[in-house]
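The values are calculated or read from the model by the stated rules, or taken from the named source; none is laboratory data. This is a predicted model, so every value here is computed, not measured. Positions of Cβ are generated from backbone atoms using ideal geometry, with glycine treated the same way; all protein chains shown enter the neighbour counts. SASA here: full protein model, heavy atoms, side chains in, ligands and nucleic acids out. Shrake-Rupley method; radii C 1.70, N 1.55, O 1.52, S 1.80 Å.
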Amino acid sequence: MKSPLLSLPGAVAAEGRDEGVAAHYGDLFREQRALADGRGFVDLSHRGVVAVTGDDRLSWLHLLVTQHMTDLAPGQATEALILSANGHIEHALYLVDDGETVWAHVEPGTREELVAYLESMKFFYRVEVADRTDDIAVVHLPAGSIAEVPEGVVVRETPHGRDLFLPRADLEAFAGSHGPAAGVLAYEALRVEAHRPRLGFETDHRTIPHEVGLIGSAVHLQKGCYRGQETVARVQNLGKPPRRLVFLHLDGSEVLLPGHGTPLRLAADGEEGRQLGFVTSSVRHHELGPIALALVKRNVPVDAPLIAGTTAAAQETVVEP
């Protein structure tokens with residue numbers, strides 16, 4: 001779905017998973033600094049929006065997702081996962097309940113599969129599931145923003161900022177009164193800096209929540225059964241995940257960033273060494289320079305210098321080995 005804000009001056013369209021919104025509006029670092037200072041907004045209208053209504057919405061979702069949902073208060077933000085039977089991450093939901101409806105925004109390209117799964121699990125519960133992407137758009141206000149939220153708009157407030165579920169027809173008017181606009185590259189740079197994993201970037205078909213640090217934030221360990229819980233409990237109580245998320249400081253002299261999937265090896269072994277992991281997200285940060293998130297094997301020494309392809313990389317621990 002192409003955003004009307006791609007018509008704003010300087011807008012350069014994003015590619016890949018974020019196609020449909022602006023990558024930037026002409027000055028990536030200026031946009032990052034604005035967000036870091038609590039100014040402006042990010043157009044995330046390419047993300048899917050799913051709404052769940054009905055008297056049983058919280059208790060029903062509680063049975064399906066990794067988060068404790070039954071006591072979710074109106075206006076309280078949370079996040080949750082849907083796992084496979086083997087405990088692998090299939091969906092990530094960013095949720096808020098407004099007292100009548102649970103609103104969730106999800107990764108681009110995942111809403112249809114998510115809605116189909118939720119519909120298949122309704123049974124006798126008093127719930128209705130709706131794909132609201134066509135009429136509701138997600139807009140992000142950064143942490144520290146004092147921008148006024150339009151009346152009637154549902155807000156999901158977190159330490160990283162506020163996600164607004166804005167009528168799609170109001171996007172252009174909102175942009176006119178809440179600028180400056182920042183592109184998704186600026187948003188991604190702050191996400192990587194904060195070590196926040198993203199579905200489809202820090203996850204693949206075999207990722208379990210422990211590997212990317214989602215225990216606690218998206219996975220509640222003291223709740224009833226849900227699909228994949230056995231794996232979560234077993235790893236939590238008896239073992240360690242096979243991989244772990246790390247943060248990388250990349251060699252700033254390199255012209256190109258190592259892309260998603262770039263192999264990671266020990267620097268001492270060189271480019272012909274054994275692959276120990278791969279880059280998941282890489283960005284240019286306005287203060288830190290080139291940085292990245294990556295998944296590595298659990299037994300990689302935490303202080304070992306690495307190379308991402310041919311780029312030197314110093315690691316910081318995100319998930320303990």
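Here is how the numbers come out for the structure above:
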| read-out | value |
| --- | --- |
| Residue within segment 223-232 that is surrounded by 20 or more Cβ atoms within 10 Å (Cβ to Cβ), within 15 Å of the chain's Cα centre (by Cα) and touching a residue at least 12 places away in the same chain (Cβ under 8 Å) present | no |
| Filter result for residue 116 (out of contact with any Lys or Arg (no Cβ under 8 Å at 6 or more places or on another chain) and within 19 Å of residue 83 (Cβ to Cβ)) | yes |
| Some residue of segment 225-233 being acidic (Asp, Glu) and either at pLDDT 95 or above or farther than 19 Å from residue 288 by Cβ (or both) | yes |
| Close pairs from segment 1-17: first touching a residue at least 12 places away in the same chain (Cβ under 8 Å), partner open to solvent by 90 Å² or more (accessible area, probe 1.4 Å) and assigned to a loop (DSSP other than H, G, I, E, B), Cβ under 9 Å, at least 6 apart | 1/134; 2/19 |
| Whichever residue in segment 21-34 is open to solvent by 10 Å² or more (accessible area, probe 1.4 Å) and not in a strand (DSSP E or B) and, among such residues, is nearest to residue 112 (Cα to Cα) | 25 |
| Close pairs (6 angstrom Cβ cut-off, 6 or more residues apart or separate chains): touching a residue at least 12 places away in the same chain (Cβ under 8 Å) in segment 198-213, open to solvent by 40 Å² or more (accessible area, probe 1.4 Å) anywhere | 206/88; 209/215; 213/318 |
| Residues that are crowded, with 20+ Cβ neighbours inside 10 Å and in a loop (DSSP other than H, G, I, E, B), drawn from segment 45-66 | 45, 46, 47, 65, 66 |
| Failed item, numbered, when residue 105 is tested on (1) over 18 Å from residue 72 (Cβ atoms); (2) under 19 Å from the mean Cα position of the chain (by Cα) | (1) |
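Yes/no per residue for (1) outside any helix (DSSP H, G or I); (2) touching a residue at least 24 places away in the same chain (Cβ under 8 Å):
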residue: 114; (1), (2): no, yes
residue: 119; (1), (2): no, no
residue: 123; (1), (2): yes, no
residue: 134; (1), (2): yes, yes
residue: 140; (1), (2): yes, yes
residue: 156; (1), (2): yes, yes
residue: 164; (1), (2): yes, yes
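For (1) open to solvent by 70 Å² or more (accessible area, probe 1.4 Å); (2) farther than 19 Å from residue 23 by Cβ; (3) charged (D, E, K, R), each residue gets a yes or a no:
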| site | (1), (2), (3) |
| --- | --- |
| 115 | no, yes, no |
| 123 | yes, yes, no |
| 133 | no, yes, no |
| 136 | no, yes, no |
| 146 | yes, yes, no |
| 149 | no, yes, no |
| 177 | yes, yes, no |
| 185 | yes, no, no |
